[in-house]
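The values are calculated or read from the model by the stated rules, or taken from the named source; none is laboratory data. Nothing here was measured: the structure is a model prediction, and the numbers come from that model. Here the Cβ positions follow ideal geometry from the backbone for every residue, glycine too, while neighbour counts run over all protein chains shown.
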Amino acid sequence: MTTEALTAVEMPTATTLFTRGRIARSLVHQVVAGMPVRLLYPDGTTVGGDSCGDGDASLTLEVVRPSALYRRLEAHPKIGLGEAYMAGDWRAAPGTDLADALAPFAARMGSLLPKPLLALRRIVDRALPAATRNTLTGSRRNIEAHYDLSNDLFAAFLDPTMSYSSALFDRSRPLETQDLVEAQHRKIDTILDSAGVGPGTRLLEIGTGWGELALRAAARGADVLTITLSREQQGLARERIAAAGLDDRVEVALRDYRELTPATDGRFDAIVSVEMIEAVGEEYWPDYFATIDDLLAPDGAAVVQAILMDHDRYLATRHSWGWIQKHIFPGGLIPSLDAIAEVSGRHTGLSVTHVNAFGQDYAQTLRRWRGAFLEQWPTIEGAGFDETFRRKWEFYLAYCEAGFASGYLDVAQVTFRPSPGPRR
């Protein structure tokens, strides 16, 4: 393991000195009892998998270093599992898909532990670090930490559209048989249709990605301002737009949404934002929706594609720090649809007019990305990423896939329109 990896994965602390992980081990054994997942220990002992048939190893997790795994889980319950995977303390057994093995846990996320233990959440939960607040400077740091890793890294596992958000598949055909590029274009076109984007439309996109939505909007005849905080994304998006001969219709600006005003930028016929709200942070959701409200023309439409969780899970987790926030998306928070409706209704004159949810499509999208990531690993590794990084991203993609496949997470395109009457 590299020095960088050692600093990224915390070792168990003195809080486990006396228990040595025994409490965590006991709880994990209770959790897997009755689940279609078994744990395989180095001595050949197995635990769990009660609903598996005899000899069925389709969902088997190998515990490579039991002591390290359980001490990590005791020290940092919401972070320890992922860090243990990064460190190689456990892995999916041959023939077991990691996301499939994680899905039963995701499906029972709210009831994995007894209620008395859930009541002690505040004791073990870690507060969100102040350093990852999404201030104007904090947002840039948070975005750079993920999206500026390397354009080549993302190009290695994304499809040629460079779309890093859920595709939208044709429900009349088996998902696994469909082309990902076609499904990504269907997602983008559905957003543009919902926002009424066509010839002469003045469109604002909050969160450029690598420019595919801006390209398709400009090809429809729209004039597009698309903003990002990632210099890597801005550079490649500009190259792709210029190569398509559409740079006269698209401006790719390195700007924060809070820096836009009607006085300096005018109003837009349509505003779209694809899976960017998760990086805004609860503290700044009112500013985010107020900006959309201020910049949207009275007869315009806005479409926000958002990753979602149930409202009770959002309320239970919104103030605690987890593995995804520490290692993948600093400053990130997934909202609920209720939270979006409440915040936008309280702080703006916008009304939700339509919700198109397609969470299972995200599970399929993530499975495609993970397969491509692992297939392309020799190329990615050659660009300077180490084995701990590989395990981190494999866990990240599988963990998210399990969330969508189980229904713990969802994704939806939410359409807003200004309410009748004077603007606020």
In segment 51-83, which residue that is modelled with pLDDT of 90 or more and among the polar types (S, T, N, Q) is farthest from Leu128 (Cα to Cα)? Thr60
Residue that is farthest from Lys78 (Cα to Cα) [pool: residues in segment 334-346 that are surrounded by 17 or more Cβ atoms within 10 Å (Cβ to Cβ) and in contact (Cβ under 8 Å) with a residue 60 or more places away in the chain]: Ser344
Can you give me the number of residues within segment 372-407 that are among the charged types (D, E, K, R) and within 24 Å of Leu59 (Cβ to Cβ)? 6
Just a yes or no: is a residue in segment 402-411 outside any helix (DSSP H, G or I) and of a type in the set (S, T, N, Q)? no
Cβ-Cβ below 9 Å, separation at least six or inter-chain, first residue in segment 368-396 and polar (S, T, N, Q), second surrounded by fewer than 16 Cβ atoms within 10 Å (Cβ to Cβ) and part of a helix (DSSP H, G or I): which pairs? Thr379/Asp152; Thr388/Glu4; Thr388/Leu6
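Per-residue answers, yes or no, for (1) crowded, with 20+ Cβ neighbours inside 10 Å; (2) in the same structural domain as Ile241 (by TED's automatic domain parsing); (3) aliphatic (A, V, I, L, M); (4) closer than 15 Å to Ala339 by Cα:
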{"site": "Asp265", "(1), (2), (3), (4)": "no, yes, no, no"}
{"site": "Asp269", "(1), (2), (3), (4)": "yes, yes, no, no"}
{"site": "Glu278", "(1), (2), (3), (4)": "no, yes, no, yes"}
{"site": "Ala302", "(1), (2), (3), (4)": "yes, yes, yes, no"}
Suppose we filter segment 350-383 for residues that are over 19 Å from Cys400 (Cα atoms) and part of a strand (DSSP E or B); how many remain? 7
Top-ranked residue in segment 305-349 [being assigned to a helix (DSSP H, G or I) and β-branched (Val, Ile, Thr); ranked as nearest to Arg141 (Cα to Cα)]: Ile324
Flagged in segment 259-277 as assigned to a helix (DSSP H, G or I) and not β-branched (Val, Ile, Thr), in numbering order, are Glu259, Pro262, Ala263, Asp265
